Structures are given as structure tokens and as C-alpha cells.
Ligand SMILES: O=C(O)CCC(=O)C(=O)O
């Protein structure tokens, strides 16, 4: 394994719950990735590929499972340089848990509210890492990722309202979210933000004239398994893939009590549950992303 991250980047990640790293991917590869995004978004069957922006249905905000849709994204998610870095953070046996691609089109790109990824998919241990690979230069202006350093050290916070999972922390100030401590993870196209699953993070609406696209393959140590086999796990587990090292014959568990992401109604994405747009007439949302049914009480668990 090559050491892609310096020791100070690894230490920074352990201390702060994130790090931003440039130079893993070259410009030519990222240019090709953007061209693939354009191709996917011109698909005749766009509804099965992407989720639309509510403000402008002609624009997409999310491409589902890009690694299953195009071999370039599969190759990036299994790129040895990226896996070398992931190995430095979560160890040698690595499972690609799932992937997604968030698009923030100019002027309409949706808000992502403050949340911890682990709230959506609690696992037996916290050796998971999401890698956000910017496909465009990301700055505060076009809504780069924002993080609260060290917040991964405070356990899992409440992501519920009125007894239901809502995919965001109920009151950011109550959980110590002080705007002056927030860090904007700015980076050039091709840079990667590594985030711990308990790190609080968010991003704003894109009010600029520029696109902000980010490809997000997420990984876990092979001995971490989902605690709750709800819709999110049901969707992702069949395609979860060992991408390095060995499958584990045992599960490692960290002590703790973890809330299960049980929402008021089925939803397809983090955006929908945070906006509350999944709670309506009780019907499934239009992308038909899930094939399961709600449980008899009408409450189902979350995807992301
Ligand atoms: O796209 C972003 O800015 C944030 C993405 C994110 O937090 C997520 O999809 O979990």
C-alpha cells in the first residue's frame, strides 16, 4: 500500500473527523467524469437515473448509484490511489458500501442540512468513511461541503422530530454548532474530502453561476455491518462490494446505543427526508427507487 495521505493528514482526520486532499486524481480523469455525468443526465429515462431539483424539474440534484451506471465511476471508486488513502483511515479490508453523485446546478442547487451519515446507516462499528470527490472546483460561493471539526467525537446526535427520523439535527445550536467553528471544505476539481460517519456536515444552496458536482463513494471496514436492515440497507447491501483485502468472518462491534432511522414515510433521498417532502399522501415518491413496502404502522426506515 502506498501512503497517499501524509501522517499529518491522517492525524488531522483522526482529530477533526475530516481532511481535504488534493492531487489524488488528475484533471483529465475528472474532465472525463464530468462528461459521463452529462451523458447520464441526457438519458431518455432520466427519472430512473436521477432525482430532480424541486425548483426546476429539468435539473437533477442526485444521480443514483453512479458506480453501477458507468464503468468510469466504478473505476474511480476502486482506484488504487483512493483505496490506499481509505486503507490508511479504516484498515486493509474495505467494502464499497454504496455510491451517489450530488449535483448542485447553478442558482438552484439544494441545501443539505446539518447531519451525520451514521444516523442514516448505523453500523456495528464506526470505521466507515465517505469520500467526496469534487468534479468542479468547490468554493463557498458554489456551496462546497461545510463541516464542524471534532463533532465526530460526540457520538450520534438526535436526528428526529416528533418521534420520526428527519435526517438532520433538530437544533444545530443545541448540538454545539457555532458558525465561527464551521470549516468550508473548499477544493479544486479532483480534490477529495474524507469524512468520518459521525462528523456533522452540511452544504448551502448554490447561489452562484457555477455547477458544483461531487461523486461520493462510501466505504466501510469489512467487519462493520449495518445494524438495521431497513430500506437503505436493503437497497445498498446487495451491491456492497469487497474492493480490497479479505471478507470478514466476524463482526466488530462498538458499545453504544444507536437510534434506528425510522421515518414517518418512505423516502428516496436525504433531500426528501430533510425537506419533509416524503410525508404527503402516503404514496411512494415518483422515482420508484424502492421495491419494499412500508411496515404495517406506516413507518419505514431511511435511505440516503
Ligand atoms: O452534496 C453535498 O454538499 C453534501 C452531501 C452529503 O452530505 C450527503 O449526500 O450525505
Please work out how much length the chain gains when fully extended from residue 42 to residue 7, using 0.36 nm per residue of separation minus the C-alpha to C-alpha distance, in nm with one decimal.
8.4 nm
Suppose R0 equals 30 Å. What FRET efficiency, 1/(1 + (r/R0)^6) with r the Cβ-Cβ distance, do residue 277 and residue 150 give to the nearest 0.05?
0.40
Reduced to Cα centres, the span from segment 1-37 to segment 168-192 in Å works out to 19
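For the peptides 12-18, 260-266, what is the packing order when you average, over each peptide's residues, the other Cβ atoms within 10 Å and list the highest mean first?
Highest mean packing first, the order is 260-266, 12-18.
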Kirkwood Rh and Cα Rg combined as Rg/Rh, the chain:
0.93
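Mind giving me the FRET efficiency for residue 58 and residue 140? R0 is 30 Å, r the Cβ-Cβ distance, nearest 0.05 is fine.
0.70
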Length gained when the stretch residue 259-residue 65 is fully extended (0.36 nm per residue, less Cα-Cα span)
67.3 nm
Using 0.36 nm per residue of separation minus the Cα-Cα distance, give me the extension gain between residue 173 and residue 28 in nm, one decimal.
48.0 nm
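Determine, for 168, 59, the number of other Cβ atoms within 10 Å of each Cβ, and report the residues in order from fewest to most. Display every interim value, and only then the final one.
On the way: 168 24, 59 19.
Fewest-to-most ranking of 168, 59: 59, 168.
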Quote the relative contact order of segment 58-217 in percent (integer), defining contacts as alpha-carbon pairs under 8 Å separated by 6+ residues.
38
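Any read-out appearing in this document is the output of simple, stated calculations on the displayed coordinates, not a laboratory observation. Everything numeric here is computed off the predicted structure, so don't read it as measured data. So basically every Cβ, Gly included, is an ideal-geometry build from the backbone, and we count neighbours across all protein chains shown.
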